[in-house]
Amino acid sequence: MCGVFGIYNHPEASNLSYLGLHALQHRGQESAGVVSNQDGVLHGVRSMGQVGKIFTRDALAQLPGTIAIGHVRYATAGGSLVQNIQPLWAQYRGRSVALAHNGNLVNEEVLREELEGEGAIFSSLSDTEVILQLMARSRRAEFAEQLADALSRVQGAYSMVFTTEDQLIAVRDPHGFRPLVLGRLKGAPETYVVASETTAFDLIEAERVRDIEPGEILTIDSTGLHSAHLPKAPRRFCVFEHVYFARPDSVLDGLSVYEARIAMGQQLAREHAVEADVVIPVPDSGVVAAMGYAQASGIPFQMGLIRNHYVGRTFIEPSDSIRHFGVRLKLNAVPQVLSGKRVVVVDDSIVRGTTSRKIVKLLRQAGATEVHVRISSPPVNGPCHYGIDTPTRAELVASTHSIEQITKTIEADSLGYLSADGLLAAVRSEGEKNFCDACFTGDYPLRRDRGSGRKQLRLIQV
């Protein structure tokens, strides 16, 4: 649950990175960082918190150079700790390198144990540092070759940007789990940008060139673009990016997220029709799918829940107390829309069920006579190993309850999930499956290897 950004050949590289990270803030709110490159000398500002609070005018003044990379983070591997803030940077063989990573490595624990057995010393608990350690051990001379050596050892999801010496390097894992897009600044054709989503391009007035291909190592330097490829693997782009995680104004792997969510809502209405007076979304993630549901069903769309945008996301919060309190803090019902009405409420997913139950209660307290919950994705019954911080299987309500039981748990009049086939149709997946939907189906392209499982003493930096 992270966002990455990189820019090459611009005198205000750090300022544009700051703006790019603003547009990617939805991908991570726990910490952020930017590392700039001034003639091969790296300068970094990293801190816990959100982009707008970290990158003051004074902070940005500490980031000179024409190349920069940035990162926004929501903790997955390694936990929410200061030492895990990215970009990470290191020095080896007289070279400075910085790295920002979105995704999770599934064999990180095995590799870490192996490297520690060889004498490696780690400064963070992030799986990303394993890549730097492997690069330092490569016997190859060129940076791209060292990177390829390291990536031949790791398995999992990685969309990454590097800077070293006078280069910007972008790389995406062979399965293409997480998004990564190449762009060019309008009016400055020799200024390239790389980002997790195209929304970062819109803010800085850059144009999308293409997606970084799965397995591609793209090097950008003074001589232009140079592309190399890792061995091919079946394409498995994360379908949950389209369901929830990405912003609806993004284009991922050539597909508009907005159009995909409209299609999800339309298909959901066809699969789970119900007589009702009004369709409302759970804002913001359910808005576009609810519009699609209303279009296909002919039931009027209205905003029956209003979100307080000055509260963080409550999809997955670090503690139960924040999650339970956050529902009322985040959402308020509109009685003028709901009173005396049969309501269809559309959301993107149900994880634990706690939030859904509280939303149903809010709607009933506002006067809704019936509450029909519709979910624009299949039941989430398995954790994600590839970069989205979903809970363990035991905490996922769909893994232990039938749909009828979940309906009772959330106290709804009815509950309907979009089918797996309906979801794939909405994202235009035809023929051979090219999306990862393991959190819905249990079809994991790569299994997680937990190593010996031995406990490791942690140093907590505050």
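Just so you know, all these numbers are worked out from the coordinates, no wet-lab data involved. Being a predicted model, the structure only gives us computed values, none of them experimental. FYI the Cβ positions are ideal-geometry reconstructions off the backbone, even for glycines, and counts take in every protein chain you see.
In the calculated pair-distance distribution of the stretch 2-236, the portion above 33 angstrom amounts to 8 percent of the Cα-Cα pairs.
Taking 0.36 nm per residue of separation and subtracting the Cα-Cα distance, full extension of the segment from residue 95 to residue 421 would add 112.5 nm.
Taken over the stretch 331-444, the ratio of Cα radius of gyration to 2.2 N^0.38 Å equals 1.17. In summary, the convex hull built on the alpha carbon positions of the stretch 99-174 has an orientation-averaged projected area of 4.9 nm². Normalised by the number of residues in the stretch 258-431, the mean separation of alpha-carbon contacts (under 8 Å, six or more apart) gives a relative contact order of 24 percent. Its alpha carbons give the stretch 258-431 an Rg and a Dmax of 15.2, 46 Å. In the stretch 11-89, one over the average inverse separation of all distinct C-alpha pairs is 12.3 Å, which is the Kirkwood hydrodynamic radius. Computed from the C-beta positions of residue 48 and residue 400, the FRET efficiency with R₀ = 25 Å rounds to 0.15. Under the simplified labelling scheme, the residue 249-residue 428 pair shows an inter-label distance of 2.1 nm, with each label point 7 Å from Cα along Cα→Cβ. Once C-alpha pairs closer than 8 Å and six or more residues apart are averaged by separation and normalised to the residue number of the chain, the relative contact order reads 14 percent. The ranking of 202, 127 from fewest to most other beta carbons within 10 Å of each one's beta carbon is 202, 127. Each residue in 184, 450 was given a count of other beta-carbon atoms within 10 angstrom of its own, and listing them fewest first yields 450, 184. How high is the FRET efficiency from residue 295 to residue 203, r the C-beta distance, R0 30 Å, rounded to 0.05? With R0 = 30 Å, the Cβ-Cβ based efficiency is 0.55. Exposure proxy for 152, 126: other Cβ atoms within 10 Å of each Cβ, ordered fewest to most, give 152, 126. Full extension of the chain between residue 152 and residue 140 gives 3.0 nm of extra length, using 0.36 nm per residue less the Cα-Cα distance. With the convex hull drawn over the C-alpha atoms of the chain, the volume per residue is 144 Å³.
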